[in-house]
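Report on one structure; see the data block that follows.
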Amino acid sequence: MLPQIRLPLAPTDLWLDAWSDCPDQSEILEQSFAAHFGFPYALLFPYARTALHALITASGWRQRTILCPAYTCAVVPLAITLSGNAVELVDCGPDHFLPGSAEWAKHVTSDTKMMIVTPLYGYPVDKNSEVLARTAARDIFVLYDEVQSLGVSDNNGLQARDADGALFSLGHGKMLTALSGGLLLLRNEGIYREVRALRTNQCTKSTLRDLTRRVVRGFAAWAALREPVFSSLLCAGRFISALSFDQISARELRETKFPSDALVLPSSYQARIGLRQLERLSRLTTARRRVAEYYDRRLREEGFQTFAHSATPTWTRYPLAVSDRKKVISVFAKGKIQLGWFIRYTCEDAPLIKSSAGLCQNARVWARTMINLPNWYGISLADAERCVALLLRLRDQDREASAWPAVIS
Ligand SMILES: Cc1ncc(COP(=O)(O)O)c(C=O)c1O
């Protein structure tokens, strides 16, 4: 069975880094991320969500409005809410999972403190929304959430080139992983100092027990996405919901607090893993682009509607929308391919947000219809061809199931 994702990390990486004997490289990791993505400052945190929470707290905002897309990972609005501020969700476009400038424009006022621009799956965003937001709210903090889009770029270079900050994750299942970790990149020295002081006060170093737990989880995640464990887990997940891949999203949406290790910093061993991962980034991006460009070209040639992009995405996943997702997923499972269905919720449905549900109808459509074709480092073009062949066969049998969904607005 072909899995929907695989870690870009092998047991040999964990083994090699365990034995290299050098001083703590966390600061070097920070400087390397900052230099790579064009920012003067960077701070390493336990998670991206803790970094976001620290940024908001250090900025001194309480009961202010922070804008974030409705179609994003639920831990982002969770971090905002836990900081004592109000989340205002911005809907997706009617024909794209990214909000366009028209959607952002409905929400930015002179009181808006922050907008979290999220180029999901590595698709470049419309940078006009940033220009428009800075005009309406002069002091707005523009944060790029690049957790699912490391290094997203357009024809003028890195998209976060004008942003005040950018957020990355080194957690499990991310494009680059160091077993845990989040990075906050900043442009302003004063804010950097405030956030760093808060981190020093709040975060603790990882103990041997923390590290052991992370390494064991790393090995377990590596094995879980390979045969024979992968097929056995899929089978077990049908009977034991705790083992089901399908439960991950539901758990994420229900979260009302941070995980117990939310303040435990990555160890120096993890920083070394992170550094080696960053060195591989361009190779990983090139490989993923090759597969996703194949999907994009073939699906368009065959008359499928695909998501528009103004420049080549970094493609953390290859997203496609279909009318009958359940059927498409089950046909693929029979063909021995696991499809992703990330993100399968809208943050409007998170219990903690309490926004008046129903305002973000486009996000609801994408949450119901999105699938991700497998696109991880190491997948072969032959496997990608198998995915396209399966979609074509399904379309011949049932035209409706794989068709582009009807959008409400
Ligand atoms: C778009 C996005 N932003 C932020 C996060 C949070 O990252 P972390 O798990 O490091 O807190 C996630 C997690 O998956 C995500 O998908």
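Applying the selection to segment 167-200, what residues are more than 18 Å from residue 266 (Cβ to Cβ) and of a type outside the set (Phe, Trp, Tyr)? Answer for segment 167-200, where residues must be more than 18 Å from residue 266 (Cβ to Cβ) and of a type outside the set (Phe, Trp, Tyr): 186, 187, 188, 189, 190, 191, 193, 194, 197.
The residue list 117, 142 contains one member that is within 16 Å of the ligand (Cβ to nearest atom) and touching a Gly at 6+ places or on another chain (Cβ under 9 Å), which is 142.
In segment 309-319 there is no residue that is part of a helix (DSSP H, G or I), in contact (Cβ under 8 Å) with a residue 12 or more places away in the chain and in contact with a Ser or Thr (Cβ under 7 Å, 6 or more places away or on another chain). For segment 120-137, the candidate set comprises residues that are out of contact with any strand residue (DSSP E or B) (no Cβ under 6 Å at 6 or more places or on another chain) and either of a type in the set (Val, Ile, Thr) or within 16 Å of the ligand (Cβ to nearest atom) (or both); within that set, the residue that is farthest from residue 318 (Cα to Cα) is 135. Within segment 216-235, is even one residue within 18 Å of the chain's Cα centre (by Cα) and in a helix (DSSP H, G or I)? So far as segment 216-235 goes, yes, one or more of its residues are within 18 Å of the chain's Cα centre (by Cα) and in a helix (DSSP H, G or I). Residues in segment 285-298 that are aliphatic (A, V, I, L, M) and surrounded by 20 or more Cβ atoms within 10 Å (Cβ to Cβ): 2 in all.
Whether any residue in segment 67-81 is in contact with a Leu (Cβ under 9 Å, 6 or more places away or on another chain), surrounded by fewer than 20 Cβ atoms within 10 Å (Cβ to Cβ) and under 21 Å from residue 351 (Cβ atoms) is what I want to check. Yes; the residues of segment 67-81 include at least one that is in contact with a Leu (Cβ under 9 Å, 6 or more places away or on another chain), surrounded by fewer than 20 Cβ atoms within 10 Å (Cβ to Cβ) and under 21 Å from residue 351 (Cβ atoms). The number of residues in segment 125-155 being touching a residue at least 40 places away in the same chain (Cβ under 8 Å) and either more than 24 Å from residue 59 (Cα to Cα) or in contact with a His (Cβ under 8 Å, 6 or more places away or on another chain) (or both) comes to 9. Applying the set (1) buried (at least 22 other Cβ atoms within 10 Å of the Cβ); (2) farther than 29 Å from residue 172 by Cβ; (3) aliphatic (A, V, I, L, M) to residue 370 leaves exactly one unmet item: (2). Residue 66 satisfies every condition listed in (1) modelled with pLDDT of 95 or more; (2) part of a helix (DSSP H, G or I); (3) away from the ligand (no atom under 12 Å from the Cβ) except (2). Counting only strands (runs of 3 or more DSSP E) wholly contained in segment 97-184, the ones carrying 3 or more residues that are closer than 27 Å to residue 293 by Cα occupy 165-169. Determine which member of the set 344, 368, 364 is within 16 Å of the ligand (Cβ to nearest atom) and either under 23 Å from the mean Cα position of the chain (by Cα) or closer than 21 Å to residue 244 by Cβ (or both). Result: 344 is the single residue among 344, 368, 364 that is within 16 Å of the ligand (Cβ to nearest atom) and either under 23 Å from the mean Cα position of the chain (by Cα) or closer than 21 Å to residue 244 by Cβ (or both). Filtered by the rule that a residue be within 11 Å of the ligand (Cβ to nearest atom) and under 20 Å from residue 113 (Cβ atoms), segment 147-182 gives a lone residue, 167.
The values are calculated or read from the model by the stated rules, or taken from the named source; none is laboratory data. Quantities reported herein were computed from a predicted structural model and do not represent experimental measurements. As a convention, Cβ positions derive from the backbone with ideal geometry for all residues, glycine included, and neighbour counts pool all protein chains shown.
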